[in-house]
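Written below as structure tokens is the structure these notes are about.
The values are calculated or read from the model by the stated rules, or taken from the named source; none is laboratory data. Here the structure is a predicted model, which means the values were calculated and not measured. Here the Cβ is made from the backbone with ideal geometry for all residues, glycine too, and neighbour counts use every protein chain on show. With ligands, DNA and RNA removed, areas are computed over all heavy atoms of the protein, side chains included. Shrake-Rupley method; radii C 1.70, N 1.55, O 1.52, S 1.80 Å.
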Amino acid sequence: MPLVDLKDVVKRYGTNTVLNGVSLSVEKGEIIAIIGRSGSGKSTMLRCVNGLEPIQGGTVAFDGTIVNDPGTDLRKLRQHVGIVFQSFNLFPHLSVEKNITLAPKVVKGMAPAEARRLAETVLRKVGLAEKIDAWPDQLSGGQQQRVAIARSLAMSPQLMLFDEITSALDPELVGEVLKTLEEMAREGMTMMLVTHEIGFARKVADRVVFMHHGKIWEEGPAAATLGAPRTPELETFLSAVLH
Amino acid sequence: MIREFTFTDVLYLVAAMRWTLALTAIAFLGGGIVGLAIALLRVSPLAPLRWAGTVYVLVVQGTPLLAWLFVFFFGLSILGVEVSPWIAAAASYSIYAGAFLGEIWRGCLQAIPKTQWEAGASLGLSMAAQLRYIIVPQATRLAIPPTVGFLVQLIKNTSLAAVIGFIELTREGQLTTATTFRPFTVYLTVAALYFLLCFPLTQASRRLERRLHAAR
Ligand SMILES: Nc1ncnc2c1ncn2[C@@H]1O[C@H](COP(=O)(O)OP(=O)(O)OP(=O)(O)O)[C@@H](O)[C@H]1O
Ligand SMILES: [Mg+2]
């Protein structure tokens with residue numbers, strides 16, 4: 001059974017159909033890169049996976065649970081699905097430690113001392129062990145984004161969703177975040193990542209999904225799909241992003 | 001009989017301030033409870049709850065406080081229900097302050113970006129936990145200046161309770177003027193006493209804001 005299974009997903013905002021029959025399954029341990037022009041529905045698809053967006057048609061399943069079933073306990077589901085956003089979305093009124101430990105304490109009832117150790121562990125994974133007592137606004141964008149990744153990791157998710165997590169960063173800070181992603185890839189994390197970093201997608205992803213007009217226009221193994229696009233749309237897109 | 005405006009009159013005015021303070025405290029407490037409920041209704045994900053909150057705010061903000069005082073004090077007694085001035089004042093001021101505080105706090109809650117709610121939801125936090133640990137702490141900081149601003153208005157608006165028999169600061173001033181015929185001196189004193197109440201509040205608000213900012 002695939003970990004994530006989207007079947008004919010339709011998402012509309014009013015009369016604007018943003019996802020127009022999207023089907024995609026992701027196996028455990030797979031890394032999927034999602035590329036496509038602005039407005040093609042990449043973020044929306046990602047947000048459907050953890051139920052942040054209600055859908056109007058089709059089904060979204062995670063680990064056998066139907067996400068769009070009104071009876072599904074989304075809170076429980078989201079403990080297993082981490083998401084990291086372009087804009088970090090750290091909690092500005094909480095220290096790095098508290099950002100990370102909030103959910104383990106509140107959702108899982110973890111004791112403060114254990115939660116602190118957990119924060120130390122996940123911060124070490126993203127290379128920021130020494131920032132545990134810092135405040136978000138004392139960190140660079142790259143560091144903030146790595147704290148956001150650590151915050152998600154603290155819930156031990158089975159799946160990580162990344163939505164253009166390097167797009168808001170200065171070019172010299174992109175590398176440190178991508179390195180963290182590579183680390184997670186090596187540890188076997190299942191990941192779906194929306195990215196404009198084509199080189200990174202080719203290097204890390206198992207499969208590439210190209211979205212166009214709310215549809216999965218083309219998908220396949222990363223190297224083959226990016227190296228030899230089958231559709232003119234993907235070819236145009238690639239030549240545009242690769243200059 | 002006309003007499004001089006003496007220090008004793010000033011003391012009487014100061015003494016009348018206790019009713020001003022008591023009314024303010026009741027209004028702020030009652031209004032705070034109502035306001036919190038209204039703010040939460042107004043940001044609720046359920047549309048009927050939002051509408052209920054909106055209607056409440058529209059009705060109360062669109063009617064004078066004086067009318068509520070009359071309704072609760074005189075209106076109910078005409079219907080045969082005897083209401084003490086305290087109950088009438090508490091009810092009227094809670095209704096009134098609740099609408100305004102509710103709107104202020106709703107604005108502060110909504111000023112927190114939607115992405116903060118999403119970040120909390122994505123970590124598996126319930127709606128209540130998102131409010132409690134993420135939204136309210138951030139909104140509180142924003143809420144301090146406008147809340148204190150409203151509190152200062154409230155202090156001054158307690159003078160309306162004179163119509164149902166409270167002899168608070170402004171009313172005491174009127175009574176003193178009636179016997180001394182020194183309106184200028186009396187009302188200047190009254191104004192100074194209001195200032196003494198309000199000024200420290202605005203100062204405290206600034207300090208608190210700074211402190212919360214330092215503690216993030
Ligand atoms: N909350 C919303 N309300 C209305 N329309 C929306 C909303 N969110 C997204 N859309 C629309 O849905 C479409 C797809 O948006 P989406 O954010 O998924 O695109 P994207 O592929 O992630 O683009 P980008 O690369 O710019 O992030 C766009 O046309 C956008 O205007
Ligand atoms: Mg997007």
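Comparison of A:ARG116, A:ARG47 shows that the only residue that is within 15 Å of the chain's Cα centre (by Cα) and either among the basic types (Lys, Arg) or over 28 Å from A:HIS213 (Cα atoms) (or both) is A:ARG47. Among the residues of the stretch A:16-63, write down those that are within 16 Å of ligand 2 (Cβ to nearest atom), open to solvent by 40 Å² or more (accessible area, probe 1.4 Å) and not small (Gly, Ala, Ser). Result: A:ASN16, A:ARG37. Annotation: A:VAL67 fulfils all but one of (1) away from chain B (no Cβ under 12 Å); (2) in contact with a strand residue (DSSP E or B) (Cβ under 6 Å, 6 or more places away or on another chain); (3) touching a residue at least 24 places away in the same chain (Cβ under 8 Å); the unmet one is (3).
In the stretch A:6-15, what count of residues is obtained for those that are outside any loop (DSSP other than H, G, I, E, B) and either in contact with a His (Cβ under 7 Å, 6 or more places away or on another chain) or away from ligand 2 (no atom under 15 Å from the Cβ) (or both)? Before you say what the answer is, go through the steps one by one.
Taking the stretch A:6-15 and keeping what is outside any loop (DSSP other than H, G, I, E, B), we get A:6-13.
From what is left, the residues that are either in contact with a His (Cβ under 7 Å, 6 or more places away or on another chain) or away from ligand 2 (no atom under 15 Å from the Cβ) (or both) are A:6-10, A:12.
Residues in the stretch A:6-15 being outside any loop (DSSP other than H, G, I, E, B) and either in contact with a His (Cβ under 7 Å, 6 or more places away or on another chain) or away from ligand 2 (no atom under 15 Å from the Cβ) (or both): 6 in total.
Summed over the stretch A:123-144, residues that are under 25 Å from A:THR190 (Cα atoms) and within 13 Å of another protein chain (Cβ to nearest Cβ) total 1.
In this entry, A:VAL67 passes the filter for residues that are in contact with a Gly (Cβ under 7 Å, 6 or more places away or on another chain) and not hydroxyl-bearing (Ser, Thr, Tyr). For the stretch B:18-53, what are the residues that are of a type in the set (D, E, K, R) and open to solvent by less than 80 Å² (accessible area, probe 1.4 Å)? Once the filter is applied, which keeps residues that are of a type in the set (D, E, K, R) and open to solvent by less than 80 Å² (accessible area, probe 1.4 Å), the stretch B:18-53 yields only B:ARG42. Of the residues making up the stretch A:123-140, those that are in a loop (DSSP other than H, G, I, E, B) and open to solvent by 10 Å² or more (accessible area, probe 1.4 Å) are A:GLY127, A:ILE132, A:ASP133, A:ALA134, A:TRP135, A:LEU139, A:SER140. Considering only residues that are within 8 Å of chain B (Cβ to nearest Cβ) and assigned to a helix (DSSP H, G or I), look in the stretch A:88-107 and name the one that is surrounded by the most Cβ atoms within 10 Å (Cβ to Cβ). Restricting to residues being within 8 Å of chain B (Cβ to nearest Cβ) and assigned to a helix (DSSP H, G or I), the top hit is A:ALA103. Only one entry in A:GLU176, A:GLU164 is open to solvent by 40 Å² or more (accessible area, probe 1.4 Å) and either of a type in the set (Asp, Glu) or within 16 Å of ligand 1 (Cβ to nearest atom) (or both), namely A:GLU176.
Taken over the stretch A:14-56, the residue count meeting the criterion of being more than 14 Å from chain B (Cβ to nearest Cβ), within 11 Å of ligand 1 (Cβ to nearest atom) and small (Gly, Ala, Ser) is 6. Scan (1) more than 9 Å from chain B (Cβ to nearest Cβ); (2) in contact with a Pro (Cβ under 9 Å, 6 or more places away or on another chain); (3) within 18 Å of B:GLY120 (Cβ to Cβ); (4) open to solvent by 10 Å² or more (accessible area, probe 1.4 Å) for the single condition A:ALA115 breaks and write down its number. Among (1) more than 9 Å from chain B (Cβ to nearest Cβ); (2) in contact with a Pro (Cβ under 9 Å, 6 or more places away or on another chain); (3) within 18 Å of B:GLY120 (Cβ to Cβ); (4) open to solvent by 10 Å² or more (accessible area, probe 1.4 Å), the lone unmet condition for A:ALA115 is (4). Under the condition of being assigned to a helix (DSSP H, G or I) and surrounded by 15 or more Cβ atoms within 10 Å (Cβ to Cβ), the residues counted in the stretch B:1-11 number 2. Can you spot a residue in the stretch B:62-75 that is at negative phi, polar (S, T, N, Q) and open to solvent by 20 Å² or more (accessible area, probe 1.4 Å)? Scanning the stretch B:62-75, I find at least one residue that is at negative phi, polar (S, T, N, Q) and open to solvent by 20 Å² or more (accessible area, probe 1.4 Å), so the answer is yes. Report yes if A:GLU120 is acidic (Asp, Glu) and more than 14 Å from chain B (Cβ to nearest Cβ), otherwise no. Yes.
Rundown of residues vs (1) within 14 Å of another protein chain (Cβ to nearest Cβ); (2) among the hydroxyl-bearing types (Ser, Thr, Tyr), yes/no style:
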position	(1), (2)
B:PRO85	no, no
B:TYR93	no, yes
B:GLY107	no, no
B:ILE112	yes, no
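Within the option set B:ARG171, B:ARG132, being more than 30 Å from A:LEU161 (Cβ to Cβ) and basic (Lys, Arg) holds for one residue only, B:ARG171. Of the residues that sit in the stretch A:77-87 and are surrounded by fewer than 23 Cβ atoms within 10 Å (Cβ to Cβ) and more than 7 Å from every other protein chain (Cβ to nearest Cβ), which one is nearest to A:MET155 (Cα to Cα)? Ranking the qualifying residues of the stretch A:77-87, first place goes to A:HIS80. On the given criteria, is B:PRO200 within 24 Å of A:HIS93 (Cβ to Cβ) and assigned to a helix (DSSP H, G or I)? So B:PRO200 fails the test.
No other residue among A:GLU197, A:GLU218 is of a type in the set (Asp, Glu) and within 16 Å of ligand 2 (Cβ to nearest atom) apart from A:GLU197. Restricting the first member to the stretch A:217-243 and to residues that are exposed (fewer than 12 other Cβ atoms within 10 Å of the Cβ), and the second to residues that are charged (D, E, K, R) and not in a helix (DSSP H, G or I), the beta-carbon pairs closer than 9 Å and six or more apart or on different chains are A:ALA240/A:ARG37.
Out of B:ILE144, B:ILE164, one residue alone is in contact (Cβ under 8 Å) with a residue 60 or more places away in the chain and within 23 Å of B:PRO64 (Cβ to Cβ). It is B:ILE164.
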